[in-house]
Each structure stands twice: as C-alpha cells, then as structure tokens.
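See below for the structure under consideration.
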Amino acid sequence: MNLIHFWTCLSIAAVAACATARADDVRVLPWDEPTEVGGYELACTGVGDEARNDPRWPAYALRLEFANRNAEYLSDVDVTLSDEAGKALFTVRCQSPWLLAKVPPGKYTVTGTFKDITKTEKVKAPKSGQARFVVRFPEITGD
C-alpha cells in the first residue's frame, strides 16, 4: 500500500472500502506464463490437460492447489507466501487452480483468500522435486 493510499484509507470511514482497494492492488498473474514477482519465478496454471502436463512445471519446488469442499478446483485466489520468519515474499492473484513457485528449500506459510475466506497452511519446499499442497475452502460448495 503506498502512502497516498494509506492516508486516503485513514480518511475514509469505511474500513471495508480500504480492504477492497488493497485487494485490487494484488498482482494478477497471466495463465501458463512464468512470471517473476519479488525475485521469485511463479506460474499460474492447471486448467486443461495440456497445461497440467507442461514439461516446464516440474522444475517448480511448490505446487499450491486451491479447492472447495467437493475437491473441485478454485481460481481467482489471492495468495501470499511468507518465509519462516513471517516476512511476506509475494502476494498474487492466481486465476487458475495451481500456483507454482520456484523457491529455495525451506519452510513457508501460504495464505489463500477466496471470497473473503482466508486459509493458512504451513508448507515445505523440498531440496529436489516438487511438493504438492492443497489449500481447501470447505465453506465453499460447487454451484
């Protein structure tokens, strides 16, 4: 949040308006295109067999998936990955059900927000290979 936005939010009585404005500041990742954010290579993918089987994706240490109560994929999730000390490394919006991240081996916290519901999970990036983590939103049912 920049300083002008901060002071604007302080002058507005509706805290919800500030929260919405902050959510709109989240970087939206393109589909199936590696993108650098905060020094980390990320990819938002997982729609269709071709995307799921793309030979580029196994090189990413973390595969974060987002699903509802019925194990159906969710997209448009705002995702923050933080290091073990709690420092946010990046915050992005993934318009696909998988967020892939090339991060060093170690422990992280992933926070996903979907329709004002926030879930937090501990994850661990391996020294080699890829770790898969599913962040579930059991409050959300298929429509």
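Please verify whether GLN95 is modelled with pLDDT under 95, within 20 Å of GLU33 (Cβ to Cβ) and in contact with a Leu (Cβ under 8 Å, 6 or more places away or on another chain), treating the condition exactly as stated. Please lay out each step first, then the result.
Numbers: modelled with pLDDT under 95: yes; within 20 Å of GLU33 (Cβ to Cβ): yes; in contact with a Leu (Cβ under 8 Å, 6 or more places away or on another chain): yes.
Yes: the conditions hold for GLN95.
Is there a residue being more than 16 Å from the chain's Cα centre (by Cα) and touching a residue at least 40 places away in the same chain (Cβ under 8 Å) anywhere in region 112-127? It would help to see each step written out before you state the result.
Residues of region 112-127 more than 16 Å from the chain's Cα centre (by Cα): 126-127.
Applying the additional criterion that residues be touching a residue at least 40 places away in the same chain (Cβ under 8 Å) yields 126.
Yes: one or more hits.
Please go through region 107-117 and pick out each residue that is in contact with a strand residue (DSSP E or B) (Cβ under 6 Å, 6 or more places away or on another chain) and surrounded by fewer than 14 Cβ atoms within 10 Å (Cβ to Cβ). Explain how you work it out, then say what you get.
Our first condition is that a residue be in contact with a strand residue (DSSP E or B) (Cβ under 6 Å, 6 or more places away or on another chain); within region 107-117, this holds for 107-114, 117.
Of everything in region 107-117, those that are in contact with a strand residue (DSSP E or B) (Cβ under 6 Å, 6 or more places away or on another chain) and surrounded by fewer than 14 Cβ atoms within 10 Å (Cβ to Cβ) turn out to be LYS107, ILE117.
On the basis of being surrounded by 11 or more Cβ atoms within 10 Å (Cβ to Cβ), free of Cβ contacts under 8 Å to residues at least 24 places away in the same chain and farther than 19 Å from ARG69 by Cβ, does ALA88 make the cut?
yes
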Q) Assuming PRO97 fulfils every condition listed in (1) more than 17 Å from ASN70 (Cα to Cα); (2) under 11 Å from the mean Cα position of the chain (by Cα) apart from one, which condition is it? A) (1)
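The values are calculated or read from the model by the stated rules, or taken from the named source; none is laboratory data. Model, not experiment: these values are computed from the prediction. With ideal geometry, Cβ positions are generated from the backbone for all residues, glycine too; neighbour counts draw on all protein chains shown.
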